[in-house]
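Below: one structure, written as structure tokens.
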Amino acid sequence: MTTVADPNQPQADATITWISGPVLRATVSRSFSINEAALVGEQQLLGEVIRLDGPYAVIQVYEDTTGLRPGDIISGTGAALSVPLGPGLLGNIFDGLLRPLTTQGLYVAPGISNSVDGQSWPFRPRVSAGEQLREGQVIGVVKRDDARAQDCLVPPGVSGTVVEIVPTGNYPGDVPVCLLRDEQGDEYPVCLVQQWPVRKPRPVKARIPVEGPLFTGQRILDCLFPLACGSRAAMPGGFGTGKTVLQETLAKWCDADVIIYVGCGERGNEMAGVLDEFPKLEDPGTGRPLMERTVIIANTSNMPVAAREASIYTAVTVAEYFRDQGLRVALMADSTSRWAEALREVSGRLGELPGEAGYPAYLSSRQADFYERAAHVTTLGGTVGSLSIIGAVSPPSADFSEPVTTHTKRYVRSFWALDASRAQARFYPAIHPLNSYSQDIEVLAPFWSEVGNPQWPEQRRRFLSLLEEQAKLERMARIVGKDALPPRQQNVLLCAELI
């Protein structure tokens, strides 16, 4: 009897031989590549090839592997793990693989794809047939009623003459709206939605020096420890010091054009609060709903641990997409410690030699890959955009000498240390002014001089010097008492207390 293959069944490119949580080992029947996306089992769970060893491949699965068993088939996609970037991102809530959460139940169903669902958006072209376009240039604009206007760009690596452009109207994200032909005669259809690998930084024309601050709306940050547009900041703090609340506050009050908020491994109740509160908030700059300029990526602690590792890359890829439109983007990552813990768990299942505190030896390089994607750039289209990254760190027992915090300090320029004693005194934001610093002071001094405050660097130094002197005098006052101090020192303590 001859068996006829079912065309609807996935092609068996590999077979599972061993499973440990989100990590599995398989024998392959064709060549795979590192970081290639794969579909696992009958439910076609999304995974990624992370190691190749002769006839074997190691794959980490981004969904619950309950029910998988040796002998189940794996089909390769031939492409790297990618996410769809397009007009439907703003104002919506996604999981770590950029699958929408608004239409799901309690959990995302296994095997649900992050592909475009056919939703249409109002597109208005800005080019005409016969025009010569290069990569990164604008072909049209999408203006939704519930989100800010977004430019539609020629994808990186594509250029040519416009052969055809659709008229103004509503179009699905996966339908070509523009057709380009290059000098060799090859044609490239351009859609409103484009796929991009999450682990590959999007290209730019040039990285340029930072200009001007990213105002956060918090006096202690903007005055003492400012963050430049396109720079990087970390806010480490122990349990209960207000990291999540401060991240949410920055998301509301900072003057970025677009906010990407990623909850990486955070408690479900905290993310539920974010999901409930953000849609009700008002943008203080425009008076419109805050969600019109916000993308929320929620990956709670009870979701698959491998997807937690991918959620950080998903968020920064989405942020780069808006940066390429010439916008000022701020990415809030809460918390990178949970991301590092996901790396440690997967590394342990792979049997890799552990480094400090059990974290993998490549923890530092992974953190560098993430934070270095923040930049102030000239885009491929010639506009100027920026991506600023603000990452929360949750050191165990508020120990700032642990590996995640230590390595993070190497890659950030602003360090906002949260202090438990200030938080217990209900002094929020609980940023300790003597344990924090900013390396963007020199680059921001010209900005403050232009807006009429050339004394800002000197005033800042005097301010911090007064607080440092207060700390020394308080130690002395514990021994001799405040009343025994000279009048000048008592005045110093009084002024510092008022500050």
Check: Ranked from highest to lowest mean number of other Cβ atoms within 10 Å per residue, what is the order of the peptides 213-225, 448-460, 327-339?
Finding: 327-339, 213-225, 448-460
Notebook entry, point to check: For segment 135-174, what is the accessible area per residue in Å², given a 1.4 Å probe and the full set of protein chains?
Noted result: 42
Next item on the list: Under 30 Å Cα to Cα from Lys409, which lysines show up? Leave out anything in the same chain fewer than 8 places away.
Entry: Lys200, Lys205, Lys243, Lys252, Lys472
Check: Any idea which of Leu180, Gln150, Gln218 is furthest toward the positive side of the dipole for segment 138-284, if Lys and Arg beta-carbons carry +1 and Asp and Glu beta-carbons -1?
Finding: Gln218
Next item on the list: Provide the packing ranking of 169-182, 281-294, i.e. peptides ordered by the mean count of other C-beta atoms within 10 Å per residue, highest first.
Entry: 169-182, 281-294
Check: Which GluC sites (Glu not before Pro) from segment 307-369 combine a DSSP loop assignment with at most 15 other Cβ atoms within 10 Å?
Finding: Glu352
Next item on the list: Name the shape class, rounded, prolate or oblate, that the alpha-carbon gyration tensor gives for segment 413-487, where a ≥ b ≥ c are the square roots of its eigenvalues, rounded holds for a/c under 1.5, and otherwise prolate holds if a/b is larger than b/c and oblate otherwise.
Entry: oblate
Next item on the list: Collect residues whose amide H, placed 1.01 Å from N in the peptide plane, falls under 5 Å from the amide H of Trp196; neighbours closer than 5 in sequence don't count.
Entry: Val83, Leu85
Note to self: Once neighbouring chains are kept in place and the probe is 1.4 Å, which whole percent of the accessible area of the chain is contributed by carbon and sulfur?
What the structure shows: 51
Notebook entry, point to check: In terms of the Cα gyration tensor, with a ≥ b ≥ c the square roots of its eigenvalues, is the chain rounded because a/c is under 1.5, prolate because a/b exceeds b/c, or oblate?
Noted result: oblate
Notebook entry, point to check: Could you give the dipole magnitude of the chain about its Cα centre, charging the beta-carbon of Lys and Arg +1 and that of Asp and Glu -1, in debye to the nearest 20?
Noted result: 1260
Margin query: I'd like the per residue volume of the convex hull spanned by the Cα atoms of segment 165-241, given in cubic angstrom.
Written below: 255
Notebook entry, point to check: When only C-alpha pairs under 8 Å and at least 6 residues apart count, what is the relative contact order of the chain, in percent?
Noted result: 14
Check: To the nearest 500 deg cm²/dmol, what mean residue ellipticity at 222 nm is calculated for the chain from DSSP H runs of n ≥ 4 alone, each contributing -39,500 (n - 2.57), summed and divided by the residues?
Finding: -8000 deg cm²/dmol
Notebook entry, point to check: Which GluC sites (Glu not before Pro) in segment 21-86 pass both tests, a DSSP loop state and at most 10 other beta-carbon atoms within 10 Å?
Noted result: none
Next item on the list: Beta carbons within 10 angstrom, averaged per residue: use that to sort the peptides 52-58, 138-144, 402-408, highest first.
Entry: 402-408, 138-144, 52-58
Item checked: Unit charges at the beta carbon, dipole of the chain: most positive-side option, Val204, Val377, Val163 -> Val377
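The values are calculated or read from the model by the stated rules, or taken from the named source; none is laboratory data. Model, not experiment: these values are computed from the prediction. Heads up, the Cβs are rebuilt from the backbone with ideal geometry, glycines too, and the neighbour counts pull from every protein chain shown. Remember, those area values only see protein heavy atoms, side chains included, never the ligands or the DNA or RNA. Shrake-Rupley method; radii C 1.70, N 1.55, O 1.52, S 1.80 Å.
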